[in-house]
1. Over the heavy atoms of Thr173, what accessible area does a 1.4 Å probe trace out, to the nearest 10 Å²?
2. Arrange the peptides 188-194, 283-289, 244-250 so that the one whose residues have, on average, the most other Cβ atoms within 10 Å appears first.
3. Estimate the FRET efficiency between Lys421 and Ile336 by the formula 1/(1 + (r/R0)^6), using the beta-carbon distance for r and 30 Å for R0, to the nearest 0.05.
4. Using a cut-off of under 17 Å, list every residue of the stretch 148-180 whose amide N is near the label point 7 Å from the Cα of Ser121 along the Cα-to-beta-carbon line.
5. Explain nothing, just compute: Karplus ³J(HN,Hα) = 6.51 cos²θ - 1.76 cosθ + 1.60, θ = phi - 60°, for every residue of the stretch 365-370 in order, whole Hz, x for Gly and Pro.
6. Please work out the Cα center distance from the stretch 122-140 to the stretch 73-118, rounded to the nearest Å.
7. Compute the length gained on full extension between Arg306 and Ser146: take 0.36 nm times their separation in residues and subtract their Cα-Cα distance, giving the result in nm to one decimal.
8. Distance in nm between label sites at Leu257 and Arg106, each 7 Å beyond Cα in the beta-carbon direction?
Amino acid sequence: MRRILILVLLLGGMQLVLPLGARGYGGQWLLSFGFLVVAADTVGKLGASVGLPTIVGYLATGVLFGPSVLGTLSADAATQLAPVSSLAIALIAFLAGAELRWSELRERGILILKILFTEMSFTLIAITAVMFALREYVPFLTGMDSATVVALSLMFASLSVVHSPAVTMALLTETKAKGPVARTTLGVVLVSDVAVIVLFSGVLALVRAMAPETASSSDQVSVTGLLWEVGGAVIIGSIIGAGVALYLRFVRRELFLFAILVAFFGDEIARLSHVEALLTMLTAGFVAENVSEHTLGEALRTAMERSAAPVFVVFFALAGASLNIASLASLWLLVIPIVLVRFLALWSGSVIGARWGKSSEVEKKYVWLGLVSQAGVAIGLATIVSNVFPGRGGEMSTLFLATLAVNQTLGPIFFRYALSKSGEVMEENQTAEMEVPTPATV
């Protein structure tokens, strides 16, 4: 009741103060940021009290107070807070990269690649097939010839194979899970980002050849741009990581502030260089961790987790606010079969890949549950589709974002369940997450 009362008081206060920002007194984005931090943390604790991951609470906060429901967080305020999302992605990516050890990649790399190959292949084929089967009910496929339907279905499927390193890393930070399910899942989702961008580049080129549509000249270089996003991100990320390692070796002061600066400037450098920010920071974290002495890398990770806590909360709340409930409701007859087929493809592909890689039984049983969530690069790829194919691409993007909303909501619940059932969530961590808003609760 106390937390519900806090939410009611917060909502009442926002309704009183927001008109001041609308009249030009300023600070509306800062007010919205503070509101989301407190409200999302409160809802997250409410969810944790009934066994839900705190991330689900953060997403629910964004949906409830976002433009689709109560409108406390306006679309303009969400746009003003976009840099917070960029900073959160940079922090998450760096921390994720820092979790990878070269020795572990050499040991588990073959298993990770086998699971990734099979689950991506199964998902690509299954989603393409279900889209072809439902072509008479899909707006952007209606009235098209068979070759065009196959091409556009393949394009949609190339978006559907995306996973979410952000959600995976956040759940691992929350639960502090370190077992085989946690490590294998993290490896798969991180490597998948690189594989997805390469796959999408090839599919985009194929679809534009089979189903051309008028596009602006700026869109004609999108495939080359995507390839640069991958290669350039690795190069620039390696340089940033080497610089971080040198700082840790020779300076090692004010790590809390340095952690924020690394994420901020890393994201800006990636943006100005037109490379994938998530892959850039992931590479930077990997290089910094594996070049630095272990104790130095651990110190920076601790500082970064401390600085990231409120940013993570707002990031997932903004993700919830971006979900269009009306679109989801109007497309649910299409969304449900697509989501279910993707679940089946993830399960069967992961199990076969795990058997192929001779993994443990617990990995065969639970890793697929950590691959359900979608976010991050998926939204960027959907935007590219909308730009390259102004008509059909927009309809495809809308349907994809509707399926993403379901996967993004269910994914954290499934992964938390998998970590718990595999015995990788310790009881003290489950208790601690309900007490104070620390990085462990994100």
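The values are calculated or read from the model by the stated rules, or taken from the named source; none is laboratory data. Every value quoted in this text rests on a predicted model; they were computed, and no experiment measured them. Glycine gets a Cβ as well: all are built from the backbone with ideal geometry, and neighbour counts include every protein chain shown. Just the protein is used for accessible areas: all its heavy atoms, side chains included, with ligands, DNA and RNA removed. Shrake-Rupley method; radii C 1.70, N 1.55, O 1.52, S 1.80 Å.
1. In the full protein context, Thr173 sits at about 10 Å².
2. 283-289, 188-194, 244-250
3. 0.75
4. The answer is 158, 161, whose backbone nitrogens lie closer than 17 Å to the label point.
5. 7, 10, 4, 4, 5, x
6. 28
7. Residue separation times 0.36 nm, minus the Cα-Cα distance, leaves 52.3 nm.
8. Placing both labels 7 Å along Cα→Cβ, they lie 3.9 nm apart.
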